[in-house]
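The values are calculated or read from the model by the stated rules, or taken from the named source; none is laboratory data. Everything quoted here is computed from the prediction, not taken from an experiment. Neighbour counts are summed over all protein chains in view; Cβ atoms, including those assigned to glycine, are modelled from backbone coordinates with ideal geometry. What goes into the accessible areas is simple: the full protein's heavy atoms, side chains included, and nothing from ligands, DNA or RNA. Shrake-Rupley method; radii C 1.70, N 1.55, O 1.52, S 1.80 Å.
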Amino acid sequence: MPNWCDNTISISGPTSSLEKLIEAIDHKGDNLLETMNPIGDWDYGLAVEAWGTKWDVSTDNLHYEEGDPGIMLIYGSFMSAWGPPLEAFMHFAKEHLGVHVEISYFEPGMAFVGDWDSETKVNEHYEIDEENLDEIPERLCDMFDLKYFYEKEDEYDD
């Protein structure tokens, strides 16, 4: 059984670049990563290399809306095995000019949190323990309610 990683995404860009992702969302299946960076028949090694995780992720909690004319915004959340599927998002952003991707992630089992932005290409990754919560950016603490999460963990440990 994997540790589950909570992911929140925002993808914006030309409608023509995001059409296949929108179709995947409308299909409501476990096919987001295959749509972003196809590997064909599932293979553990290929999946980890191409996606950064061993299984594809669900589109059930993803939504989209039109922004400015010709621009779409995809946003929402999903769970992935072990960690965020950064490789799939990096590949997609690299292959589609004008697309901006932001992904934030939290994996409580292995105690890490972070985010990646396709414009800066920086992956801010933080190991978490009760002692360093003040060192983690407030935006991530708030997004995943880390202080509350770790307060509750302490209650269970007592």
Using a simple charge model, +1 on the beta-carbon of Lys and Arg, -1 on the beta-carbon of Asp and Glu, nothing else, what dipole does the range 38-142 show about its Cα centre, in debye to the nearest 20?
440
Förster-model FRET efficiency, 41 Å R0, ASP134 and GLU23, C-beta, rounded to 0.05
0.40
Counting only protein heavy atoms and leaving out ligands, DNA and RNA, the solvent-accessible surface of GLU87 at a 1.4 Å probe, in Å² to the nearest 10, equals 80
Gain upon complete extension [THR15, GLU49; 0.36 nm per residue less C-alpha separation]
9.5 nm
Which of ASN7, LEU62, PHE92 sits farthest toward the positive end of the charge dipole of the chain, with +1 on the Cβ of Lys and Arg and -1 on the Cβ of Asp and Glu?
PHE92
Compute the Cα gyration tensor for the range 82-151, then decide on rounded, prolate or oblate, letting a ≥ b ≥ c be the square roots of its eigenvalues: rounded whenever a/c is under 1.5, prolate when a/b is larger than b/c in the other cases, and oblate in all that remain.
prolate
Where labels lie 7 Å past Cα in the beta-carbon direction, separation of GLU124 and GLU65 in nm
2.5
Given a 1.4 Å probe, how much area per residue of the chain is accessible, in Å²?
56
How much of the accessible area of the range 1-66, probe 1.4 Å, is carbon plus sulfur, in whole percent?
48
Taking the chain and dividing mean pair separation by its residue count, relative contact order in percent (alpha carbons under 8 Å, at least six apart):
26
How big is the gap, in Å, between the Cα center of the range 1-73 and the Cα center of the range 80-158?
17
Using a 1.4 angstrom probe and counting only protein chains, how large is the accessible area of TRP42 in Å², to 10?
140
Out of these labelled values of Rg/Rh (Cα atoms, Kirkwood Rh), [x] 0.95; [y] 1.12; [z] 0.99, which was calculated from the coordinates shown here?
[z]
Mean Cβ neighbour count within 10 Å, used as a protection proxy, ranking 64-75, 103-114 highest first:
103-114, 64-75
Using a 1.4 Å probe over the heavy atoms of the protein chains, calculate the carbon and sulfur portion of the accessible area of the range 81-158 as a whole percent.
48
